[in-house]
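Taking it in order: structure first as structure tokens, then the write-up.
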Amino acid sequence: MKPILEVKNMTMDFGGLRAIDSLDLYINKGEIVALIGPNGAGKTTFFNCITGIYTPTSGDVLINPQGKQERINGLKTNIVTRKGLARTFQNIRLFTSMTVLENVMVGCHAVTHTGVMGAIFRGKSTLAEEKFIVEKSYEILKKIGLEKYVDELAVNLPYGAQRLLEIARAMATDPFLLLLDEPAAGMNPQETAELDELILKIRDNEGISILLIEHDMKLVMSLSERIYVVDYGKKIGEGVPEEIRNNPVVIKAYLGEEIDA
Amino acid sequence: MDFEYFAQLFLGGLTRGSIYALIALGYTMVYGIIELINFAHGEIYMIGAFTGLIIASVFTMLGFPTLAVVVLAGMAAIVYSCAYGFTMEKIAYKPLRNAPRLSALISAIGMSLFLQNYVLLAQTSDFLPFPSLIPDFEFWEPYAHILTSPELVIIITTVVVMILLTFLIKFTQIGKAMRATSQDKMMAALLGINVDRVISVTFIVGSATAAIGGILIASHIGQINFYMGFIAGIKAFVAAVLGGIGSIPGAVLGALVLGWTESFFTGYISSDYEDVFAFLFLVVILIFRPSGILGRAETKKV
Amino acid sequence: MTAKDEIKKSFLASIWFMFLTFPLMVIKVNTVTDTVEWRWHNMVLVGIGAFFLSMLWRYLLKRQADGSKKEKKEGPGIIQRLLQKKELTLPGIIIIGCFTLLFPHIFSMYQTNIMISALIYVMLGLGLNIVIGLAGLLDLGYVAFFAVGAYSYALLNLHYGVVFWIALPLGGLLAALFGIILGYPVLRLRGDYLAIVTLGFGEIIRLVLENWNEFSFGPSGIANIPKPGLPGTDLSLQGSTIFIFYIIVALVIFTIFVINRLENSRIGRAWIALKDDEIACQSMGINKAKTKLRAFALGATWAGMGGVVFAAKTTFINPASFTIWESVIILCTVVLGGMGSIAGVISGALLLILLPEYLRDFGQFRMITFGAVLVLMMVFRPGGMIENVRKTYKFEKN
Amino acid sequence: MLKLRNIETFYGNIQALKNINMDVKEGEIITLIGANGAGKSTTLMTICGVTKARRGEVHFQGQPIHGMTPDKIVALGINQVPEGRHIFPYLTVMENLDMGTFLRKDTENIKKDLEYIFDLFPRLAERRHQAGGTLSGGEQQMLAISRAIMTRPKLLLLDEPSLGLAPIIVKQIFDIIKKINKENNTTIFLVEQNANLALKIAHRGYVMETGSITMSDTGENLLSNEDVKKAYLGI
Amino acid sequence: GDTIKLGVAGAHSGDLASYGLPSVKAAELVVKKINAQGGVLGKQVELLVEDDVCKPEVAGNTATKLVSDGADVVMGHICSGATKSALGIYKDSGIIAMSPSATGPGLTLSGEYPNFFRTIAHDAAQAQLQTKYAMNVLKVKKIAVLHDKGDYGKGQAELAQKYFTEAGADVVLFEGVTPGAVDYSAIVTKVRSKRPDLVVWGGYHPEASKIVTLMRKKRMKTLFMGGDGVKDDTFIKVAGKYCEGVYATGPMDISKNPLAVAAKKEHQDTYGSDPGAFFDNAYAATLALLNAIEKAGSTDYDAIVKALHTEYVDTPLGKIKFDANGDATGIGFSVYQVKDGTFVEQK
Ligand SMILES: Nc1ncnc2c1ncn2[C@@H]1O[C@H](COP(=O)(O)OP(=O)(O)OP(=O)(O)O)[C@@H](O)[C@H]1O
Ligand SMILES: Nc1ncnc2c1ncn2[C@@H]1O[C@H](COP(=O)(O)OP(=O)(O)OP(=O)(O)O)[C@@H](O)[C@H]1O
Ligand SMILES: CC(C)C[C@H](N)C(=O)O
Ligand SMILES: [Mg+2]
Ligand SMILES: [Mg+2]
């Protein structure tokens, strides 16, 4: 079976700056994969290229959720989302004037259909759909553990909870692959441990594969099945956590001599 | 058509553009610093012209020599425009600094109406003749049929003001403070910048350029009334946006481009649709350069 | 601060304003006879006025600062709380409803007439509110759609005898079409760039109407536009005014109904999300272009219908009724009332349109008062008269 | 050097700080740890005058500074690396650093400091002409810290400096903190989620819970405190 | 009621206020004088002054307001567009309106508004006079027509174009300029390149003076001619030496009329300044209306209309009454030329 996401030979230039340099990467169904590397290595840019925020300069992004491969680079962000790739942002981007529940409800947009006429006449199918959206959103919040905040304004949540809400919102789009950009940033060790469990649960219970950017090595090493390491846009290492931990190139460029995990 | 005609239209466009530029400069500075479309900027320009006229008339009647009158009137116009700009910011904009941006815009619209009618009531609704403060230069006579002396002065002043302002922003301490304030007020304060003072200074500088514009333009067209700021303000706003709002050279370039567009369109096609064309041109430029000709592109990273 | 400080400050303010208003208020030159009139009494007035106003100003600002602390403690303001009280809704609606029904019979025709104008602006405000308040797109050329509606009716009627009732939906439709045509090229623009381009479009429409005589009769406009009739009856001036009043009331109710439903729907949420964060919004699978165009088109529809009613009401239209100034006023109604809030927009439009009419007694001080009111309203109630407390979806466990 | 007395800060009706008392001595590194939303950032903002305390007093070197505007406070020698970095997005890396010297007049030393910074973060040297807004998250964090160093403060307030940085850089940052504390005798007030590392380098630490200080002790003692271990060290 | 209510409507704020405000002053002066003499039909006259900003839609409200407030007759409005939209309302309410300045031909000639009168001649008469004078006296062959795109200006320009073409002149340019613009050098350049003998202007004086000034500053000697929007002392005040030699048509010279002299003096005494545009016309209109009421013996619509059509009244404009269309008789236009800073009537 083909991997669900396969990136071949991707390059991304900003003017003269090569942020991603012929990168190859794949993710199999049900995997948790981590993408790590020094600051400015191009990790976030990589996410942006996959999700249509940037169009890569060259290379292929292929997805294969249901046994049929499809090339998605150059597609608009909203189309990519509808194809089943959802993401969170390194700098939190919640809908600030909305409540927690509404944020997740917006996430359901991709999987619902009510149009202008439907909204105005509010017929049976519209009402049913509204009900479906609310229930689904609440379910997701429960799974993530945010149900106690359901009617709070998203901006009033503590930082850690906001990161979780981003994940919840992304899950509402029914993705087959979730791209998480530094989900543990700004969390204390206690909260990070909870996040660890949560991500595992998402993969195991929902069957959503995960690609993760993170600088918290404890989280990365305990969660991921495989790890890619990039520096200056190039892949400098690839393998299971144990291999990476002992890879001298990676240690030199990224981890430093001793690891506090 | 022949070259002379083209040249005349070119120079006409240049003059008109320079006029827009003198007003647009203040517009763009204020916008740059507090992201406010200062609808009342045109009124500051109008007040500058009125003050200039009043002071000039008083001194003329007192029998001062022409040169002294020009200097005194010019200074009074600048001082008063600055004072109005300063006061306006304190009353109508400062209390709104943390409010939604549109609220400040409405406040600016209200200010514009207020000042217009204030001048109408305090002075007159009539058009007043504005003396030609700039004499016809002897040496320029051979070219006067193409470009009059006041027009020449306007063009030169615009260039000088632009250079001075660019210098101010790029190379002085207050300019540095302005740049910081315009991008992140809290951080600017955390680096020791007095944000309130910087904003006041910006209004004062912007008003001073409006006053200079007010006097020069009024003596070019020879008349003023309380309503003169409105259309000039709108056009200057268009020019500032065309050039990339917030950018000093952008304001001048945008104004010139607008001036030329209107001039050539009138000259070669028809002045009936002059503004239609100017606006269409604006749309086309913004479609290809969504942040204006010299505006900075959106560089916020995802 | 001590009372002495206060007085000192006000005193300084008074000096400052005397200086500020000196040339314009005190000197009046007559350039023909070369005489100067010194109006020193004005300076005295300004001095005294500024002193007390400055006291009042600082007192109000301070009270506002304290007030905002207190008010927040109690939750939303009184008006919001009244609006939220479910048990008051029904009686409220009945009272307002009766009042509205009786309005033209209680008050004079003039009152009814300006009320019609105000209600047309309510419609315009509500329509613009979709574009600005919900979708966050700053549109300064909204009056263009209003013009499209008005001219649709006037021209269709003139050439093809189309009656009001057919023109009404048609005007809305045409305006929506224009909304899409205008919206499409400017999708990429943000914030104030969008504002200036829409302003440009508004002017373009007006200038075309002004110049293209063969099409629109140019600046001399179109006169004798028929008022809507009731089949079989011949309405007097009074009668038809009342009839139009009821029509516009019905339309406003219809507008509120539709906008309310749109706001609390999948579409409405997409608009708000788009306003909050475009990129995150797209990452939720929302099509930015489609969502924006929808806002433009739906916003324009109301302006179009409002335009049809306007043409029928004044029976004479020319391009002078569709200047930037009208767009600005509509924008003011939205912001002054309270952006995003339906009750706010309604009160904003009523205030802004009725105010200048009632200020007629101020004579020449009418517009200066109007300007001052705009500034003061914003300074002391920056969120608008009825600040939008968005009705967020409340989850009910079942 | 810095004294906080009975500070109470509100956001509208929400009380973010409740009766906070803290002391920072000259030359110290002190750290403030606490869960998300405890009020750590608010404490820093209150010191700098960005958010005003409703009650209480702040003294810096014996002088009351509550009620002063931020620019006045900064001029006394307090600087902050705020949460969220606040890089000037349209200024280049160089210009951002230059802004740090707004109040300085010693041109000579400025040059030296600049070299020092580029030495510490070669990454920034590479990116010196890039607009701040396009830097990666970590690069921005480095820039924010560097800009603060450029101000040469007497008291440096750091809000989660390690956020989003690669492990190797995190270690480097903590080394730098120690270094400028020793070499420049800069007093450091450090807010951190990475309590482990923070407490290791700090002379003293405070623990904050929902707006109140609940513990204060030396760094070592806090590190070995069972409650702290459970709640903040994830052990 | 126990007073006669006289509505005065026009632009009292906004960009055209300078045309509307003088009419208010005229009405005030007349009413003051008449009230001092015991009023009309033994009743005092009360003024109801309402602003219409020269906007049709506001004019509708203004008119209803006047009707609601019980105005017996209305002096106004100032602009043709606004007048047109208000007239319907007055007609339905049986109220007479008399404008001092609205010159749109259709207002009287269309026959749609029997309740409308004016103390100024209409634009078609004006354009015919302009044509005759320019062709026969000035002997021009090529003309350029410019206008301000407004209701009044463009209408005037179109009429000029029509009559000049019929008279055999060559109209080399017909264009509108943007009112309020800060600079007109492009259009002036264009005019120069077409080499017309005469520029005919349709519109108000502010733009006219800007254009003339610029033409002269650019050393152009082309003749310039405008209509009643230009024949205003403000024009000369503003354009100063640059308007020497400019032609303008306007109501026949009345400066020697003793009533006009007196009215001007009253204004100077009361307000300390010279009267503005259409002051005399407004003064005349007010007199005519009040006189008609007096003569009619009541405020009855038909009676007043009859009085207006039949009774002569002495005004600053001369002895006038109104023809079947509502135009004042004996009020014609003359051609003036600016000489030494005053308009001098050309025979
Ligand atoms: N829009 C852009 N224009 C120019 N350069 C950019 C742009 N976006 C990113 N870069 C540069 O590309 C490089 C990669 O950035 P990216 O954000 O992908 O890094 P990252 O790996 O996510 O780092 P971090 O861990 O610090 O978040 C950086 O050096 C950055 O400065
Ligand atoms: N601008 C604001 N308006 C309203 N409430 C705020 C604002 N900023 C912070 N708060 C609230 O004040 C409390 C303290 O926030 P603060 O940012 O100081 O916490 P923190 O300890 O720095 O947390 P973190 O670890 O997430 O940075 C939180 O409950 C937060 O929701
Ligand atoms: C004010 C005037 C010059 C009005 C002009 N005659 C018109 O009919 O509109
Ligand atoms: Mg990143
Ligand atoms: Mg914090």
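The values are calculated or read from the model by the stated rules, or taken from the named source; none is laboratory data. It should be emphasised that the depicted structure is a prediction, and the values quoted were computed from it without experimental measurement. For neighbour counting, all protein chains shown are included, and Cβ atoms are generated from backbone atoms with ideal geometry for every residue, glycine included. The protein model used for the area step is the full one, side chains on, heavy atoms only, and it has no ligands, DNA or RNA in it. Shrake-Rupley method; radii C 1.70, N 1.55, O 1.52, S 1.80 Å.
Numbers at a glance
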item: GNM result for chain C, Cα springs below 10 Å: residue of C:Arg188, C:Arg294, C:Arg381 fluctuating most strongly; result: C:Arg188
item: Segment D:6-101 - percent of accessible surface contributed by carbon and sulfur, probe 1.4 Å; result: 51
item: Heavy-atom accessible area order for B:Ile54, C:Ile95, B:Ile285, largest first, 1.4 Å probe; result: C:Ile95, B:Ile285, B:Ile54
item: Placed amide H near E:Gln44: partners under 5 Å, 5+ positions off or other chain; result: E:Ile4
item: In sequence order, calculated HN-Hα J values of segment E:268-274 (Karplus, 6.51, -1.76, 1.60; Hz; x Gly/Pro); result: 4, 5, 7, 10, x, 8, 6
item: The protein assembly as shown: Cys lacking any partner C-beta under 4.7 angstrom; result: A:Cys49, A:Cys108, B:Cys82, C:Cys98, C:Cys281, C:Cys332, D:Cys48, E:Cys243
item: Mean ellipticity per residue at 222 nm, deg cm²/dmol - from DSSP H runs of n ≥ 4 across chain B, formula -39500 (n - 2.57); result: -24500 deg cm²/dmol
item: Gaussian network model of chain C, springs between alpha carbon atoms under 10 Å - residue of C:Lys292, C:Lys275, C:Lys62 with greatest fluctuation; result: C:Lys62
item: For chain E, calculated [θ]222 nm from helices alone, where every DSSP H run of n ≥ 4 adds -39500 (n - 2.57); result: -13500 deg cm²/dmol
item: MRE, 222 nm, helices only [DSSP H, n ≥ 4, -39500 (n - 2.57), over chain C, to nearest 500]; result: -24000 deg cm²/dmol
item: Per principal axis, descending, Cα span of chain B in whole Å; result: 57, 51, 36
item: Long-range HN-HN contacts of E:Glu50 with modeled amide H, under 5 Å; result: E:Val8, E:Ala9, E:Gly10
item: Apportionment of accessible area to carbon and sulfur, segment C:119-253, percent (1.4 Å); result: 70
item: Reachable lysines from E:Lys190, criterion Cα separation under 21 angstrom, eight or more residues apart if same chain; result: E:Lys141, E:Lys142, E:Lys149, E:Lys154, E:Lys210, E:Lys217, E:Lys218, E:Lys221
item: Candidate lysines for bridging to E:Lys32, where Cα separation is under 17 Å - those fewer than 8 sequence places away on the same chain excluded; result: E:Lys5, E:Lys43, E:Lys264, E:Lys265
item: By average C-beta atoms within 10 angstrom, highest first, the peptides B:22-35, C:111-124; result: B:22-35, C:111-124
item: Accessible-area value, E:Asp228, 1.4 Å probe, nucleic acids and ligands omitted, Å²; result: 10
item: Chain pair C, B: total accessible area buried, heavy atoms, 1.4 Å probe, Å²; result: 5500
item: Percent of beta bridges antiparallel (DSSP, chain A, rounded to nearest 5); result: 55
item: Accessible area expressed per residue, the protein assembly as shown, with surrounding protein chains retained (probe 1.4 Å, Å²); result: 37
item: Solvent-accessible area buried by pairing C with A, both sides, nearest 100 square angstrom, 1.4 angstrom probe; result: 3400
item: Modelled FRET efficiency - R0 35 Å, C:Ile106 with E:Gln44, Cβ distances, 0.05 increments; result: 0.70
item: A:Lys201/D:Glu209 FRET efficiency (R0 22 Å; Cβ-Cβ; nearest 0.05); result: 0.20
item: Listed pairs D:Lys3/D:Lys171; E:Lys25/E:Lys65; C:Lys28/E:Lys237 exceeding 18 Å between Cα atoms; result: D:Lys3/D:Lys171; E:Lys25/E:Lys65
item: At most 13 other Cβ within 10 Å, DSSP loop - GluC sites (Glu not before Pro), segment A:174-261; result: A:Glu257, A:Glu258
item: Rounded to whole Å, sorted largest first: equivalent-ellipsoid semi-axes of the protein assembly as shown, Cα gyration tensor; result: 65, 36, 31
item: Nearest-10 value in Å² for the accessible area of C:Ile368, using the 1.4 Å probe; result: 20
item: Listed residues B:Ile245, B:Ile212 arranged by accessible area, highest first, probe 1.4 Å; result: B:Ile212, B:Ile245
item: Per-pair calculated FRET efficiency, R0 = 56 Å: A:Asp24 and C:Leu45 via Cβ, rounded to 0.05; result: 0.10
item: Share, in percent, of DSSP beta bridges within the protein assembly as shown that are antiparallel, nearest 5; result: 50
item: All lysines inside 19 Å of A:Lys43 as judged from Cα atoms, apart from same-chain residues fewer than 8 positions distant; result: A:Lys8, A:Lys218, A:Lys234, A:Lys235, A:Lys252, B:Lys300, B:Lys301
item: DSSP-defined beta bridges in chain E - what % are antiparallel, rounded to 5; result: 30
